[in-house]
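K.L.:
I have a structure here, written as structure tokens, and I will follow up with some questions on it.
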Amino acid sequence: MLNEFIHEPRIAYFSMEIALRNDIPTYSGGLGVLAGDTMRSATDLNLPMVAVSLVSRAGYFRQALDEQGRQTEQPAFWDPADHATPLGAKVSVTIEGRPVWVSAWLYILEGHMGGRQPVLLLDTDLDENSSEDRKITHTLYGGDKSYRFKQEIILGIGGMRLLQALGFEVRQHHMNEGHSALLGLELLKRFAYHPEDRRPGEPSYDIPLVRELCCFTTHTPVEAGHDRFSYDLVKSVLGDFIDLPTLKQLAGEDELNMTRLALNLSEYVNGVAKRHAEISRKMFPGYRVNAVTNGVHPYTWTHPGFAKLFDHHLSGWCHEPELLVRAECCISDEEVLNAHQLAKASLIDKIKTLTGATFDSNLPTFGFARRMTAYKRPDLLFSDLERLKRIAQKYPFQIVLAGKAHPHDEGGKQLIEMLHRHIHELDGIVNMTFLPGYNMEIARLMVAGVDVWLNTPLRPMEASGTSGMKAAFNGVPNLSILDGWWIEGCIEGVTGWSIGDSAESDNGADEQSLYHKLEHVVLPLYHNHQDKWVKVMKGAICKNASFFNTHRMMRRYVTEAYIH
Ligand SMILES: *Cc1c(COP(=O)(O)O)cnc(C)c1O
């Protein structure tokens, strides 16, 4: 079954989460969607890769919201047998002094252009394991520190051993975020010097060789995004897998810092946008941090109405999205507007089904959907409700929201409740709704069906952001804080609009700027100048979508990180 994949050396792409399809809940948000889009582009470009992730049988969680917007979480169980094939091989890793067995499911990612890529979903839910160990690969980002560390052992060490047992020859290891950094320790052990070949005081491992084999993408300036484990925990869970002085030298004196471990064992390191790379260089002085700005997978995020237009006018765009630079001149305004109305109608249908709310296809619609957490500031638009109401009386508009809060993020949950209070406070003046259960399907409908995609993070916390890029593929302009990818993507009035004058602006001035842009720029343009509005829609396609895609991103990873 694996024969078609093991005849040539591959790049192994390790990610804690991966969004393979909407009904496989092995992802929580941006990181997983990026992993999925990475592999989808690898499929279209026929790159020799293999993805390694966890099977997460209980998913991330299913979000339920009551009338007040109080979030409760249910497991999102799925049956891997519905989509993947069990592989015979089993390997063991030692956890807390006992062997824990790991097997994998083979999911084959099939591209719409005929490419195929193997994805290994690691599973400890095996008869050989204790009931506790069987749950290690159940819940994505669930449990306590010890649970997380065990998951990372399965991903990094278990994943490496399975690749080997299955016969994969790996030429490069790509760590998508630090969760998989323990793979570097497994590599070190494979390239340990024999004690007799070594004089006292000389290193025990061939670190330069391991570094040649690894590359690392860091994804967030948010402190909580960088896993740290106490050496007491490490000792009790991982035992003496590797000698402590070496581990401390690579992963930090006081705690095992997964980011530091990944940095020290990777020859190529990058952040996910230019600004994010700068921030990362400040966070981790002494490391060379490159910038490879994220993208999204063209075909996955383009509404069928627009895909049809692009197929007709810009044949080959799915393989070479750069062709979209010509969208401006070769697609008529009417065609763009018609395709957009189609996407808007699908969204309005979905809103009706999910919430019962009736949206008006003639009103400008703002979309905001992402993880609900404090630094994303989903409340910025509602800082001054009276002002928002006055604007709406002059220029009517409507708003659709969605997003999950991590089960332990109380602040994020309170933000969802606050948004629900605003829905009531704005009743009769601004039509507004919150769609439960944000996932790939809802994201697809929203990014294509709204008229403006809004993003209001606190600078410089948005490493990249990708949902705005999805919007661009559907001719939906962004109205966003200059942070992450938007610093590179925003051409004022051409691809969308900025909130705040520059990437250096004071976060405190954003509220005024947002209201000003709404009242004096965005809404008047929509209501009074349809011809100019369509020009901005086309600007988003030809100047943003042509560049901010994972095909371009993968071509850079190949030429800079994978082959050097
Ligand atoms: C694209 C996507 C995200 C990431 O969006 P950001 O703009 O980067 O926050 C999160 N969740 C889902 C379901 C997505 O499709």
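K.L.:
Along the charge dipole of the chain, which of His7, Leu126, Gly88 sits closest to the positive end, that is, farthest toward it, with unit charges on the beta carbon of Lys, Arg, Asp and Glu (+1, +1, -1, -1)?
P.N.:
Of the listed residues, the answer is His7.
K.L.:
Moving on. Could you state how much accessible area Tyr287 has, in square angstrom rounded to the nearest 10, with a 1.4 Å probe and all protein chains kept in place?
P.N.:
50 Å²
K.L.:
Still on this structure: Summarise the accessible area of segment 82-132 (1.4 Å probe, protein heavy atoms) by the percent that is carbon and sulfur.
P.N.:
Result for segment 82-132: 45 percent of the exposed heavy-atom area is carbon or sulfur.
K.L.:
Which residues does a label at Glu328 reach in segment 510-547, if reach means a backbone N under 12 Å from a point 7 Å past the Cα toward the Cβ?
P.N.:
Under cut-off, by backbone N: 535-544.
K.L.:
Give a residue-ordered list of calculated ³J(HN,Hα) values for segment 370-384 (Karplus: 6.51 cos²θ - 1.76 cosθ + 1.60, θ = phi - 60°; whole Hz; x for Gly, Pro).
P.N.:
5, 3, 8, 7, 3, 5, 7, 6, x, 8, 4, 4, 10, 4, 10
K.L.:
Please list the non-local residues whose amide H lies under 5 Å from the amide H of Asn478, H modeled 1.01 Å from N, same-chain partners needing a gap of 5 or more.
P.N.:
Amide H to amide H, under 5 Å and 5 or more residues apart or across chains, Asn478 pairs with Trp453, Trp497.
K.L.:
As a test of reading the structure, rank Thr300, Thr139 by solvent-accessible area (1.4 Å probe, protein chains only), most first.
P.N.:
Result of the area sort, largest leading: Thr139, Thr300.
K.L.:
Which semi-axis lengths, in whole Å and largest first, follow from the square roots of five times the eigenvalues of the Cα gyration tensor of segment 334-437?
P.N.:
24, 18, 12
K.L.:
Next question, about the same structure. What 222 nm value per residue comes from the helices of the chain, counting each DSSP H run with n ≥ 4 as -39,500 (n - 2.57) and dividing by all residues, nearest 500 deg cm²/dmol?
P.N.:
Calculated from helices alone, the mean residue ellipticity at 222 nm is -10000 deg cm²/dmol.
K.L.:
Any idea what the dipole of the chain comes to, in debye rounded to 20, about its Cα centre with Lys/Arg Cβ at +1 and Asp/Glu Cβ at -1?
P.N.:
Values: 57 positive and 70 negative charges, 106 e Å.
Dipole of the chain, to the nearest 20 debye: 500 debye.
K.L.:
Would you grab the residues whose amide H sits under 5 Å from the one on Leu109? Only those 5+ places off in sequence or on another chain, please, with H modelled 1.01 Å from N.
P.N.:
Gln117, Val119
K.L.:
Still on this structure, I have one more. Using a probe of 1.4 angstrom, how much of the accessible area of segment 301-548 is carbon and sulfur, in percent?
P.N.:
Carbon and sulfur atoms account for 51 percent of the accessible area of segment 301-548.
K.L.:
For an R0 of 45 angstrom, estimate the FRET efficiency from the Cβ-Cβ distance between Asp311 and Ala192 and round to the nearest 0.05.
P.N.:
0.25
K.L.:
Next question, about the same structure. Once you order the gyration tensor axes a ≥ b ≥ c over the Cα atoms, which shape class does segment 70-115 get: rounded for a/c under 1.5, otherwise prolate or oblate by comparing a/b with b/c? Don't skip to the end; give the middle numbers.
P.N.:
Values: a/c = 2.82, a/b = 1.15, b/c = 2.46.
Oblate shape, in that a/c is at least 1.5 and b/c is the bigger or equal ratio.
K.L.:
Let me make sure I get this right: for segment 369-427, a, b and c are the square roots of the gyration tensor eigenvalues over alpha carbons, sorted descending. Under 1.5 in a/c it's rounded, otherwise prolate if a/b > b/c, else oblate. Which is it?
P.N.:
It comes out prolate by the Cα gyration axes.
K.L.:
Given the C-alpha centroids of segment 88-117 and segment 144-167, what is the distance between them in whole angstrom?
P.N.:
That distance is 10 Å.
K.L.:
If the only charges are +1 at each Lys and Arg Cβ and -1 at each Asp and Glu Cβ, what is the size of the charge dipole of segment 208-343 around the Cα centre, to the nearest 20 debye?
P.N.:
Here segment 208-343 has a charge dipole of around 340 debye.
K.L.:
For the chain, what is the accessible area per residue in Å², given a 1.4 Å probe and the full set of protein chains?
P.N.:
Numbers: 21370 Å² over 564 residues.
Value for the chain: 38 Å² per residue.
K.L.:
Please arrange Val521, Val234 by accessible surface area, largest first, computed with a 1.4 Å probe and ligands excluded.
P.N.:
Listed by decreasing accessible area, they come as Val521, Val234.
K.L.:
Let me ask you something else. Set the Förster radius R0 to 22 Å, insert the Cβ-Cβ distance between Val521 and Arg390 as r into 1/(1 + (r/R0)^6), and round the FRET efficiency to 0.05.
P.N.:
0.85
K.L.:
The chain: Rg/Rh from Cα coordinates, Kirkwood Rh?
P.N.:
Working: Rg = 23.9 Å, Rh = 24.4 Å.
For the chain, the value is 0.98.
K.L.:
For segment 166-289, go through all pairs of different Cα atoms, get the mean of 1/r, take its inverse, and jot down that Kirkwood value in Å.
P.N.:
Roughly 15.3 Å, rounded to one decimal.
K.L.:
Strictly over 30 Å apart at the Cα level, which of Lys90/Lys282; Lys404/Lys535; Lys274/Lys352; Lys189/Lys404; Lys274/Lys376; Lys350/Lys394 would you flag in this model? It would help to have the intermediate numbers written out before the result.
P.N.:
On the way: Lys90/Lys282 42 Å; Lys404/Lys535 34 Å; Lys274/Lys352 40 Å; Lys189/Lys404 40 Å; Lys274/Lys376 19 Å; Lys350/Lys394 28 Å.
Beyond 30 Å: Lys90/Lys282; Lys404/Lys535; Lys274/Lys352; Lys189/Lys404.
K.L.:
Please state the shape class of segment 355-503: rounded when a/c is under 1.5, otherwise prolate if a/b exceeds b/c and oblate if not, all from the C-alpha gyration tensor.
P.N.:
Taking the square roots of the gyration eigenvalues as a ≥ b ≥ c, segment 355-503 is rounded.
K.L.:
On the accessible surface of segment 238-293, probed at 1.4 Å, how many percent belong to carbon and sulfur atoms?
P.N.:
On the way: 1090 of 2330 Å².
Whole-percent figure for carbon plus sulfur exposure: 47.
K.L.:
What distance in nm separates the two pseudo spin-label positions at Gln341 and Glu504, each 7 Å out from Cα along the beta-carbon direction?
P.N.:
For the pair Gln341/Glu504, the computed spacing is 4.7 nm.
K.L.:
Same structure, new question: Applying a 10 Å radius around every beta-carbon, put 31-44, 420-433 in order of their mean neighbour count, most first.
P.N.:
Details: 31-44: 25.8, 420-433: 16.6.
With the highest mean Cβ count within 10 Å placed first, the list reads 31-44, 420-433.
K.L.:
Also: Read phi for every residue in segment 169-177 and hand back ³J(HN,Hα) as whole Hz from Karplus 6.51 cos²θ - 1.76 cosθ + 1.60, θ = phi - 60°, with x for Gly and Pro.
P.N.:
9, 9, 9, 7, 10, 9, 8, 8, 6
K.L.:
Taking every pair of alpha-carbon atoms in segment 290-339, give the share separated by more than 13 Å as a whole percent.
P.N.:
So the portion of pairs separated by more than 13 Å is 59 percent.
The values are calculated or read from the model by the stated rules, or taken from the named source; none is laboratory data. Here the structure is a predicted model, which is why all the values come from computation and not from measurement. Because the Cβ atoms are built from the backbone with ideal geometry, glycine has one as well, and the counts that use them run over all protein chains shown. SASA here: full protein model, heavy atoms, side chains in, ligands and nucleic acids out. Shrake-Rupley method; radii C 1.70, N 1.55, O 1.52, S 1.80 Å.
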